Ligand SMILES: [Zn+2]
């Protein structure tokens with residue numbers, strides 16, 4: 001966990017840079033790299049890493065594995081992550097002095113490594129600066145389309161957009177990511193009811209949830225907005241007068257399911 005004061009510092013610095021290099025909501029990462037004389041190389045690194053920042057002979061280089069297009073989605077997040085290592089003073093100076101060895105980064109939104117957490121947080125603020133992300137107009141009623149629209153507008157990966165929305169989006173949500181019926185990680189907005197979960201990371205998804213029903217019978221792929229009861233996912237501590245919903249996003253290519261849970 002990063003301290004709030006550190007988060008604030010990183011987010012303000014990332015936002016300041018982003019606002020200087022943008023065309024509307026499109027943050028111009030390559031222009032940023034060029035104007036700071038950081039060379040970006042996109043090559044076949046055989047997926048050993050997604051991205052890496054190195055310092056050789058007084059020159060910074062960013063290497064991006066070409067398995068992912070760095071102009072959008074996951075590849076773009078990787079480029080932002082490597083730029084973050086460059087823009088965060090402690091990371092850049094550490095690399096120059098050899099205190100912080102070059103490391104290949106993987107796109108892993110569940111990392112626990114503090115250096116990687118800082119770079120991911122900075123990257124997310126660089127690509128989705130608060131003042132642009134928060135005020136981008138989406139339909140009043142929340143659905144998965146809200147996330148898709150934001151991801152398209154900011155050219156960001158689906159999961160990085162989910163995390164940013166849970167942090168500063170205009171609707172309170174709870175999100176559970178699962179794979180093969182096992183909960184991988186979850187996140188929720190600060191103002192989502194703080195009820196104990198019926199599930200835990202590393203354990204099965206509750207059977208009566210939309211995701212749980214999918215894992216029990218993979219032909220039951222509900223993609224619409226479903227009405228559910230709070231006690232499908234939680235031990236509700238009080239009554240909420242609004243209807244609770246769940247809608248699932250199924251990533252066939254990466255094999256995970258994302259459950260969005262929200263009140264009207
Ligand atoms: Zn990294």
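Laboratory data are not the source of any read-out in this text; all were calculated from the coordinates shown. The structure presented is a predicted model; accordingly, all values stated were derived computationally and were not measured. Virtual Cβ from ideal backbone geometry, glycine too; neighbours counted across all protein chains shown.
Numbers for the structure displayed
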| read-out | value |
| --- | --- |
| Degrees between helix 158-168 axis and first principal axis of the chain (Cα, 0 to 90, nearest 10) | 80 |
| Highest-fluctuation residue, 54, 208, 78 considered, GNM on the chain with Cα pairs under 10 Å | 208 |
| Calculated on alpha-carbon atoms, Rg and Dmax of the chain in Å | 19.4, 63 |
| Neighbour-count order for 55, 121, 222, fewest beta carbons within 10 angstrom listed first | 222, 55, 121 |
| Estimated translational D of the range 172-263 in µm²/s (Stokes, Kirkwood radius over Cα pairs; 37 °C; 0.692 mPa s) | 249 |
| Helix 73-87 vs. the chain, principal-axis angle (Cα, 0 to 90°, nearest 10) | 50 |
| Among 229, 167, 30: highest mean-square fluctuation, GNM of the chain, C-alpha pairs under 10 Å | 229 |
| Rounded if a/c under 1.5, otherwise prolate or oblate - the range 4-132, Cα gyration tensor axes | rounded |
| For 163, 126, 39, order by how many other beta-carbon atoms lie within 10 Å, fewest first | 39, 163, 126 |
| Computed [θ] at 222 nm, deg cm²/dmol, the chain (DSSP H ≥ 4; -39,500 (n - 2.57); rounded to nearest 500) | -11000 deg cm²/dmol |
| Between helix 4-20 and the chain: long-axis angle, C-alpha atoms, 0 to 90°, nearest 10 | 60 |
| Full-extension gain in nm, residue 229 to residue 4, via 0.36 nm per residue minus C-alpha separation | 77.7 nm |
| Gaussian network model of the chain, springs between alpha carbon atoms under 10 Å - residue of 84, 207, 33 with greatest fluctuation | 207 |
